[in-house]
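S.K.: The structure is given below, and queries will be raised subsequently.
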Amino acid sequence: MRLLRRVHAVGALAVALLVCLAAVARAQTPITAPTPIKHVVVIYQENHSFDNVLGKLCVADRRCDGVTKGALPNDDVIPLSRADDVVLGIDHNMHTQKVAMNGGKMNGFANIPACTEAKHYACYTQYYPGQIPNLAALARRFVISDRTFSMNPIASWGAHLELVAAQLDGFTGALPVRTPASRALKGWGCDSNRDAAWRATPTAQAQMVPSCVPDFSLDPLRYPYGGAYRPTPVQYVPTIMDRLNEAGLGWRIYASEGPGIGSYGWAICPTFAECLYKQRNRMVPSEQVMTDARNGSLPALSLVIPEGSNSQHNFDSMLKGDNWIGNVVGAIQDGPDWAHTAIFITYDDCGCFYDHVRPPFNGWGLRMPMVIISPYAKPRYTDSHNATFVSMLAFTEHVFGLDPLSARDAHAYDYGNSFNFEKAMLRTPSMTRSHISKRERRYLRAHPGDPDDPT
């Protein structure tokens with residue numbers, strides 16, 4: 001009898017194991033075309049971690065993995081204070097992000113110079129849902145991914161490069177720096193005459209090269225260095241734009257050409273000589289996304305890069321950026337393309353505000369806010385599968401039947417569990433427009449962003 005019980009117990013354990021394996025297999029089964037999705041929209045905001053943006057909402061709703069307290073380097077725990085609407089300026093270069101993560105202990109944030117006790121633990125802050133009403137309403141109605149991480153612990157320029165190429169092409173991810181040839185040129189890309197750190201191999205010593213992914217098929221008389229301002233060892237790499245071109249599908253980068261770094265520095269296209277010198281007409285003003293949405297003329301892929309004051313960047317208004325998110329999503333939801341659209345709202349790097357979740361793999365960066373919106377997004381669902389920004393590329397490739405760019409996107413989770421393509425949910429929350437006080441507007445006008453801002 002005892003032996004029989006053991007046999008039954010082993011059998012039950014085996015069945016349970018098979019059920020678990022089957023669940024994992026289902027979770028890892030990629031999306032396959034065709035689907036109802038014809039338009040993918042990525043809204044790429046600036047500089048916030050998951051707990052900073054969605055941690056308070058997660059705790060209030062008891063739905064996702066967020067916290068309202070943070071760990072100090074001595075493992076003391078302090079409350080995450082309510083963040084000011086004007087986003088604080090916190091260092092978040094590669095070194096700083098690694099300091100914050102502290103080898104995965106996630107308790108090194110107070111060792112960031114701008115976040116010490118003397119600075120009132122400035123990065124131990126978070127936004128309440130009422131401070132970001134549009135994003136909070138969308139998160140509560142649709143999908144929150146609470147396991148999306150940046151691909152590397154890097155700042156904005158590298159994060160935008162990776163967003164379309166699934167790799168850094170040898171660049172370390174450090175921000176481009178001025179050179180004597182830069183003069184008053186704007187941006188960070190091929191036409192900026194700036195340099196960035198690059199390695200021929202992962203273990204090689206870094207050298208400074210033009211911050212440009214060259215295209216040596218350009219006219220060599222006009223562009224002797226493939227679009228870079230001087231000779232460069234960097235090689236061409238394909239992008240998601242190339243894959244869409246090969247499939248005869250449209251794409252646009254919605255990014256304004258404002259002064260200084262601004263959205264032009266984040267605009268992606270200038271970093272790639274092929275885009276800058278062959279496809280410049282695919283980069284259009286940020287605001288045009290709303291016109292295209294209302295007219296039903298969204299392309300297959302829209303990369304929406306906000307103008308600086310709408311980006312929620314350090315020293316900008318979080319609420320103004322939330323109004324921008326509401327304007328973009330509202331235009332899409334009210335337009336004829338909504339029934340076939342998937343929208344991803346995320347942030348390019350940590351900012352570097354506190355987050356408590358250790359990245360699951362060495363080399364990954366901090367956890368990022370990610371809200372997924374679509375008629376086919378599961379209502380009020382939390383997706384806790386490990387993902388990075390490259391997962392948005394995997395989603396786009398799988399929806400449109402495109403070849404992957406690299407092993408990284410070929411094996412990435414594609415947010416498949418966030419969708420139910422058999423059932424559409426067309427009812428959406430109304431977007432709002434929040435008032436920003438005259439006092440704050442005056443403050444923002446009197447404190448414009450630094451055109452050479454290192455963040």
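The values are calculated or read from the model by the stated rules, or taken from the named source; none is laboratory data. Remember, predicted model here, so these are calculated numbers, not experimental data. Ideal geometry is used to build each Cβ from the backbone, glycine not excepted, and the neighbour counts take in all protein chains shown.
S.K.: List, please: which pairs have Cβ atoms under 8 Å, are six or more places apart or on different chains, and start with a residue in segment 291-309 that is in a strand (DSSP E or B) and end with one that is among the small types (G, A, S) and surrounded by 19 or more Cβ atoms within 10 Å (Cβ to Cβ)?
M.R.: L303/A255; V304/S286
S.K.: Now for a separate question. Scan (1) among the small types (G, A, S); (2) within 20 Å of A159 (Cβ to Cβ); (3) not in a loop (DSSP other than H, G, I, E, B) for the single condition S286 breaks and write down its number.
M.R.: Status for S286: all satisfied but (3).
S.K.: Could you tell me whether any residue of segment 253-274 is modelled with pLDDT of 95 or more and surrounded by fewer than 21 Cβ atoms within 10 Å (Cβ to Cβ)?
M.R.: No: segment 253-274 contains no residue that is modelled with pLDDT of 95 or more and surrounded by fewer than 21 Cβ atoms within 10 Å (Cβ to Cβ).
S.K.: Just checking, which of W324, W338 is crowded, with 19+ Cβ neighbours inside 10 Å and either touching a residue at least 60 places away in the same chain (Cβ under 8 Å) or touching a Leu at 6+ places or on another chain (Cβ under 9 Å) (or both)?
M.R.: Details: W324 fails: either touching a residue at least 60 places away in the same chain (Cβ under 8 Å) or touching a Leu at 6+ places or on another chain (Cβ under 9 Å) (or both).
Testing whether each residue is crowded, with 19+ Cβ neighbours inside 10 Å and either touching a residue at least 60 places away in the same chain (Cβ under 8 Å) or touching a Leu at 6+ places or on another chain (Cβ under 9 Å) (or both) leaves just W338.
S.K.: Does any residue of segment 259-272 turn out to be out of contact with any Lys or Arg (no Cβ under 8 Å at 6 or more places or on another chain), in a loop (DSSP other than H, G, I, E, B) and without any contact (Cβ under 8 Å) to a residue 60 or more places away in the chain?
M.R.: no
S.K.: In segment 116-134, what residues are outside any loop (DSSP other than H, G, I, E, B), farther than 16 Å from G66 by Cα and touching a residue at least 40 places away in the same chain (Cβ under 8 Å)? Working first, answer last.
M.R.: Within segment 116-134, the first condition is being outside any loop (DSSP other than H, G, I, E, B), and the residues that meet it are 117-119, 125-126, 129-131, 133-134.
Of the ones still in play, those that are also farther than 16 Å from G66 by Cα are 117-119, 130-131, 133-134.
Answer for segment 116-134, where residues must be outside any loop (DSSP other than H, G, I, E, B), farther than 16 Å from G66 by Cα and touching a residue at least 40 places away in the same chain (Cβ under 8 Å): Q131, P133, N134.
S.K.: Follow-up. Tell me yes or no: at least one residue of segment 7-29 is in a loop (DSSP other than H, G, I, E, B), surrounded by fewer than 20 Cβ atoms within 10 Å (Cβ to Cβ) and either at pLDDT 95 or above or of a type in the set (A, V, I, L, M) (or both).
M.R.: Here is the first cut: in segment 7-29, the ones in a loop (DSSP other than H, G, I, E, B) are 29.
Subset that is surrounded by fewer than 20 Cβ atoms within 10 Å (Cβ to Cβ): 29.
From what's left, either at pLDDT 95 or above or of a type in the set (A, V, I, L, M) (or both): none.
Scanning segment 7-29, I find no residue that is in a loop (DSSP other than H, G, I, E, B), surrounded by fewer than 20 Cβ atoms within 10 Å (Cβ to Cβ) and either at pLDDT 95 or above or of a type in the set (A, V, I, L, M) (or both), so the answer is no.
S.K.: Across segment 287-302, what is the number of residues that are surrounded by fewer than 24 Cβ atoms within 10 Å (Cβ to Cβ) and either under 19 Å from G330 (Cβ atoms) or not aliphatic (A, V, I, L, M) (or both)? Before the answer, list the steps.
M.R.: Residues of segment 287-302 that are surrounded by fewer than 24 Cβ atoms within 10 Å (Cβ to Cβ), as a first pass: 287-288, 290-292, 294-297, 299-300.
Still in the list and also either under 19 Å from G330 (Cβ atoms) or not aliphatic (A, V, I, L, M) (or both): 287-288, 290-292, 294-297, 299.
Going through segment 287-302 one residue at a time, the tally reaches 10.
For (1) farther than 13 Å from M318 by Cβ; (2) more than 23 Å from the chain's Cα centre (by Cα), each residue gets a yes or a no:
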{"position": "K38", "(1), (2)": "yes, no"}
{"position": "G66", "(1), (2)": "yes, no"}
{"position": "S81", "(1), (2)": "yes, yes"}
{"position": "D84", "(1), (2)": "no, no"}
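S.K.: Please work out if D215 is out of contact with any Gly (no Cβ under 8 Å at 6 or more places or on another chain), assigned to a loop (DSSP other than H, G, I, E, B) and within 25 Å of F389 (Cα to Cα).
M.R.: So D215 does not fit the description; no.
S.K.: Still on this structure, I have one more. Inside segment 191-244, can you point out the residues that are more than 19 Å from I154 (Cβ to Cβ) and of a type in the set (D, E, K, R)?
M.R.: Result: D191, D215, D219, R222, R230, D242, R243.
S.K.: Related question: Can you report the number of residues in segment 135-146 which are aliphatic (A, V, I, L, M) and either under 13 Å from D65 (Cα atoms) or assigned to a strand (DSSP E or B) (or both)?
M.R.: First, the residues of segment 135-146 that are aliphatic (A, V, I, L, M): 135-139, 143-144.
Add one more test, that the residue is either under 13 Å from D65 (Cα atoms) or assigned to a strand (DSSP E or B) (or both), and what stays is 143-144.
Residues in segment 135-146 being aliphatic (A, V, I, L, M) and either under 13 Å from D65 (Cα atoms) or assigned to a strand (DSSP E or B) (or both): 2 in total.
S.K.: From the set of residues in segment 191-216 that are in contact with a helix residue (DSSP H, G or I) (Cβ under 8 Å, 6 or more places away or on another chain) and of a type in the set (S, T, Y), which is surrounded by the most Cβ atoms within 10 Å (Cβ to Cβ)?
M.R.: Ranking the qualifying residues of segment 191-216, first place goes to S211.
S.K.: A follow-up question, please. Filter segment 355-394 down to the residues that are over 15 Å from the mean Cα position of the chain (by Cα) and within 17 Å of A155 (Cβ to Cβ), then identify the one that is surrounded by the fewest Cβ atoms within 10 Å (Cβ to Cβ).
M.R.: G363
S.K.: Given the options F109, F50, name the one that is among the aromatic types (F, W, Y), buried (at least 24 other Cβ atoms within 10 Å of the Cβ), farther than 28 Å from S302 by Cα and touching a residue at least 60 places away in the same chain (Cβ under 8 Å).
M.R.: Values: F50 fails: farther than 28 Å from S302 by Cα.
Testing whether each residue is among the aromatic types (F, W, Y), buried (at least 24 other Cβ atoms within 10 Å of the Cβ), farther than 28 Å from S302 by Cα and touching a residue at least 60 places away in the same chain (Cβ under 8 Å) leaves just F109.
S.K.: Of all residues in segment 431-446, how many are free of Cβ contacts under 8 Å to residues at least 12 places away in the same chain and either assigned to a loop (DSSP other than H, G, I, E, B) or under 25 Å from the mean Cα position of the chain (by Cα) (or both)? Show your work before the answer.
M.R.: Narrowing segment 431-446 to residues free of Cβ contacts under 8 Å to residues at least 12 places away in the same chain: 435, 437-439, 441-442, 445-446.
Now restrict to residues that are either assigned to a loop (DSSP other than H, G, I, E, B) or under 25 Å from the mean Cα position of the chain (by Cα) (or both): 435, 437.
Of the residues in that region, 2 qualify.
S.K.: Check whether at least one residue in segment 147-164 is in a strand (DSSP E or B) and touching a residue at least 40 places away in the same chain (Cβ under 8 Å), and report yes or no.
M.R.: Of the residues in segment 147-164, the ones in a strand (DSSP E or B) are 148-149.
Those left that are additionally touching a residue at least 40 places away in the same chain (Cβ under 8 Å): 148-149.
Taking every residue of segment 147-164 in turn, at least one turns out to be in a strand (DSSP E or B) and touching a residue at least 40 places away in the same chain (Cβ under 8 Å).
S.K.: Then there's this: Applying the selection to segment 233-249, what residues are outside any helix (DSSP H, G or I), over 20 Å from the mean Cα position of the chain (by Cα) and not β-branched (V, I, T)?
M.R.: If the condition is that a residue be outside any helix (DSSP H, G or I), over 20 Å from the mean Cα position of the chain (by Cα) and not β-branched (V, I, T), then P233, Q235, Y236, A247, G248, L249 are the ones that fit.
S.K.: Any idea which of L393, L405 is among the hydrophobic types (A, V, I, L, M, F, W, C) and not in a loop (DSSP other than H, G, I, E, B)?
M.R.: On the way: L405 fails: not in a loop (DSSP other than H, G, I, E, B).
Residue meeting the stated conditions: L393.
S.K.: Only one of A174, A200, A196, A181 is assigned to a strand (DSSP E or B), in contact (Cβ under 8 Å) with a residue 24 or more places away in the chain, within 29 Å of C269 (Cβ to Cβ) and small (G, A, S); which?
M.R.: On the way: A174 fails: assigned to a strand (DSSP E or B); A200 fails: assigned to a strand (DSSP E or B); A181 fails: assigned to a strand (DSSP E or B).
Criteria check complete, one pass: A196.
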